[in-house]
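Here it is, the structure, as structure tokens.
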Amino acid sequence: MRLKFWGVRGSTPTPQVENLRYGGNTSCVEVRFGDSIYIFDCGTGFRVLGHQLESEFGERPFSAHVFVSHFHWDHIQGIPFFRPLYDNPNSQFSFHSSSRVRSLKQVMEEQMASPYFPVNLDQMRAEQNFYDIDAGRIEVGDGVKLQTAWLNHPQGCMGFRLETKDGVIVYATDNEPGDAGFDKAVRKLAEGADVLIYDAQYLPEEYEARRRGWGHSHWREAVNVVMESGAKELILFHHDPDHSDPVIDKVVKEARNHYPKVRAAAEGMEIRL
Ligand SMILES: [Zn+2]
Ligand SMILES: [Zn+2]
């Protein structure tokens, strides 16, 4: 199993020179298991992944499962720019998201509606299937199980746990600590995972001073979650747009004083299990 980060930034893309070592594209993580492709979130990193898939498959159709945690811009903004959706009518994309707030299909139609985008959803010729998911467990492919849980975020957000024989990856971003029920649920979702990708948008002091109620976590809470869930490796994710590379370097250093297996997600970073 191989995991690759295509977008690691939270809230909005930040293509600024002081951010480029970790990267300025918003949330998108790709997992390959055998011939299957699993994609978590469609921020602007999704566009770059699309180019990679085009060059890899060329004229050949392919299929992928796409899990969308919620519909804030930084998790959907890459969809209209994902070229494989336009290319090949024989390619198949299975989108999984909760329709508790809205269906993903409606979100896609709305984000491409006039006058916000020059082409409509019906220009996307690839086959698209939309699956409504709620908290629980589903089979998504050969030997692959997906567990989902609700996270603590304005308008809701889902966390995902992908289980295969090679290992377990948990993608849990956009989650604020402090609600007993959600705190427990995210620890359960992360239990014993090989890799935990977790929201570490703020510094703890920023969170305390002026970011309570904004729906995000900080590195100190991320360390709590990895230690209390028994997950093995922590990947700090959804970096704040105002955190430059040196700020993130410092966060990683401090976090390692509490837990040794911590890294910050960076565009292009790969993990093999
Ligand atoms: Zn976000
Ligand atoms: Zn959000």
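Name every residue in segment 43-77 that is away from ligand 2 (no atom under 16 Å from the Cβ), in a helix (DSSP H, G or I) and not charged (D, E, K, R), in order of residue number.
Answer for segment 43-77, where residues must be away from ligand 2 (no atom under 16 Å from the Cβ), in a helix (DSSP H, G or I) and not charged (D, E, K, R): 48, 49, 50, 51, 52, 53, 55, 57.
Got at least one residue in segment 80-97 being assigned to a loop (DSSP other than H, G, I, E, B), polar (S, T, N, Q) and within 16 Å of ligand 1 (Cβ to nearest atom)? Don't jump to the end; show me each part of the working.
Initially, segment 80-97 is screened for residues assigned to a loop (DSSP other than H, G, I, E, B), giving 82-83, 88-91.
Of the ones still in play, those that are also polar (S, T, N, Q) are 88, 90-91.
Still in the list and also within 16 Å of ligand 1 (Cβ to nearest atom): none.
Within segment 80-97 (the criterion being assigned to a loop (DSSP other than H, G, I, E, B), polar (S, T, N, Q) and within 16 Å of ligand 1 (Cβ to nearest atom)), the answer is no, since none of the residues qualifies.
Return yes or no: is residue 273 away from ligand 1 (no atom under 16 Å from the Cβ) and crowded, with 20+ Cβ neighbours inside 10 Å?
Values: away from ligand 1 (no atom under 16 Å from the Cβ): yes; crowded, with 20+ Cβ neighbours inside 10 Å: no.
For residue 273, the condition - away from ligand 1 (no atom under 16 Å from the Cβ) and crowded, with 20+ Cβ neighbours inside 10 Å - is not met.
Restricting to segment 202-232, what's the tally of residues that are out of contact with any Phe, Trp or Tyr (no Cβ under 9 Å at 6 or more places or on another chain) and under 15 Å from residue 264 (Cα atoms)?
Of the residues in that region, 1 qualify.
Inspect segment 16-23 for any residue being within 15 Å of ligand 1 (Cβ to nearest atom), farther than 25 Å from residue 146 by Cα and either in contact (Cβ under 8 Å) with a residue 24 or more places away in the chain or over 10 Å from the mean Cα position of the chain (by Cα) (or both) and give the result as yes or no.
Yes, the conditions are met somewhere in segment 16-23.
OK, next. Taking into account only those residues within segment 24-35 that are away from ligand 1 (no atom under 13 Å from the Cβ) and part of a loop (DSSP other than H, G, I, E, B), which is farthest from residue 78 (Cα to Cα)? Quick ask: steps written out before the conclusion?
Quick first cut of segment 24-35, residues away from ligand 1 (no atom under 13 Å from the Cβ) only: 24, 30-35.
Filter once more, keeping what is part of a loop (DSSP other than H, G, I, E, B): 24, 34-35.
Working: 24: 13, 34: 25, 35: 23 Å.
Among those that are away from ligand 1 (no atom under 13 Å from the Cβ) and part of a loop (DSSP other than H, G, I, E, B), it is 34.
Follow-up. Which of the residues belonging to segment 115-167 are in a strand (DSSP E or B), in contact (Cβ under 8 Å) with a residue 60 or more places away in the chain and over 16 Å from the mean Cα position of the chain (by Cα)?
Of everything in segment 115-167, those that are in a strand (DSSP E or B), in contact (Cβ under 8 Å) with a residue 60 or more places away in the chain and over 16 Å from the mean Cα position of the chain (by Cα) turn out to be 140, 141, 144, 164, 167.
Yes or no, residue by residue, for (1) more than 16 Å from ligand 1 (Cβ to nearest atom); (2) of a type in the set (S, T, N, Q):
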| site | (1), (2) |
| --- | --- |
| 122 | yes, no |
| 125 | yes, no |
| 140 | yes, no |
| 151 | no, no |
| 155 | no, yes |
| 163 | yes, no |
| 183 | yes, no |
| 188 | yes, no |
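No lab work stands behind these numbers, since they all come straight from the coordinates. Bear in mind the structure is a predicted one, so any value in this text is a computation, not a measurement. Quick reminder, even Gly has a Cβ in these numbers, built from the backbone with ideal geometry, and neighbours come from all protein chains shown.
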